[in-house]
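Structure, as structure tokens:
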Amino acid sequence: MQKYFVPGGVVAAIALILLSSCFYIIRVDQQAIVLQFGQQRDVVNAGEVDQAGLHMKWPLIQNVVIYDKRNLGFDLAEQEIIAGDQQRLIVDAIARYRIKDPLQFFRSAQTEANGENQLRQRMIAALRGELGKVPTPDIISGQRAQLMQRIKASLNASMASFGVDIIDVRIRRADLPPANSERVYERMKAELNQKAALYRAEGEEQYLSIVGDADKQVSVILAEANEASQKLRGEGDSLRNAIYASAYGKDPEFFSFYRSMQAYERSIKEGTPLVISPDSEFFRYFGDKDGR
């Protein structure tokens with residue numbers, strides 16, 4: 001009886017192994033392809049369909065290939081890129097992607113390792129293709145956001161046949177090689193100094209133009225004011241002379257007396273000696289109120 005016990009245990013073990021191979025578990029962050037004799041039979045938990053959990057398959061004739069359903073990160077090693085102005089740059093970039101179509105991914109790459117290898121090659125090609133169209137300053141600081149969007153679009157187009165969706169591409173660092181940094185820095189400095197000199201020259205030209213216009217306007221305003229002043233002064237002198245003439249005609253003696261008083265006020269100042277005879281015409285109103 002003991003000799004039948006051992007084969008029975010072996011059969012039970014084999015049956016248990018076969019039974020366990022009939023089941024597989026798919027997590028919520030996974031998706032799978034069921035293969036039968038190497039041919040695709042079913043896709044599980046792909047896209048928006050929620051099929052996570054325990055599933056069955058035929059043992060021995062069916063096997064399951066599982067892929068990650070989450071957004072995955074890819075870190076590209078530093079690459080030497082030639083910019084549009086023929087300057088060499090050391091570029092460090094990353095990408096975020098996900099396997100959108102597991103069946104297409106299986107047909108094109110089969111494994112995630114092969115898929116990342118294809119992603120690496122195409123990402124390098126996209127970087128070189130887009131960064132090779134623009135000069136170094138635009139890559140370092142000027143248009144990096146637009147460049148990353150163009151690289152993402154180019155990479156998405158090349159990875160579409162793999163069932164991969166590129167979510168984002170980022171250039172973390174774009175630096176000049178140490179041997180070229182100083183030379184390029186001096187060239188950029190000279191270009192910026194040239195632009196600054198041009199801006200200063202344009203500013204000086206505008207300043208001189210504005211000052212010239214202002215001086216011209218001041219001269220015109222002063223000339224017009226002087227003309228108006230001379231006109232008003234002439235009108236005032238004419239009116240004054242008319243008043244004097246009218247007053248002189250009404251009372252010549254009073255007018256002569258008034259003009260003499262004004263002459264005394266203007267001529268005789270304190271501390272100013274005058275050498276004039278008391279009998280002169282100038283002092284005729286001092287001796288007599290009628291000036292005789």
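The values are calculated or read from the model by the stated rules, or taken from the named source; none is laboratory data. If you're wondering where the values come from, they're calculated on a predicted model, not measured in any experiment. Because the Cβ atoms are built from the backbone with ideal geometry, glycine has one as well, and the counts that use them run over all protein chains shown.
Observations
- Residues located in segment 123-152, provided they are surrounded by 13 or more Cβ atoms within 10 Å (Cβ to Cβ) and either in contact with a Phe, Trp or Tyr (Cβ under 9 Å, 6 or more places away or on another chain) or among the aliphatic types (A, V, I, L, M) (or both): MET123, ILE124, ALA125, ALA126, LEU127, LEU131, VAL134, ILE139, ILE140, LEU147, MET148, ILE151
- Sole residue being outside the structural domain of VAL44 (by TED's automatic domain parsing), more than 30 Å from VAL43 (Cα to Cα) and surrounded by 16 or more Cβ atoms within 10 Å (Cβ to Cβ), chosen from LEU89, LEU119: LEU89
- Filter pass, ALA263 being within 60 Å of the chain's Cα centre (by Cα) and assigned to a helix (DSSP H, G or I): no
- Single residue of ASN180, ASN156 found to be polar (S, T, N, Q), at pLDDT 90 or above, out of contact with any helix residue (DSSP H, G or I) (no Cβ under 8 Å at 6 or more places or on another chain) and within 28 Å of LEU89 (Cβ to Cβ): ASN156
Residues are listed down the side, and each one gets a yes or a no for (1) at pLDDT below 90; (2) in the same structural domain as GLY163 (by TED's automatic domain parsing):
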residue	(1), (2)
VAL6	yes, no
ILE14	yes, no
ARG27	no, no
LEU60	yes, no
ASP85	yes, yes
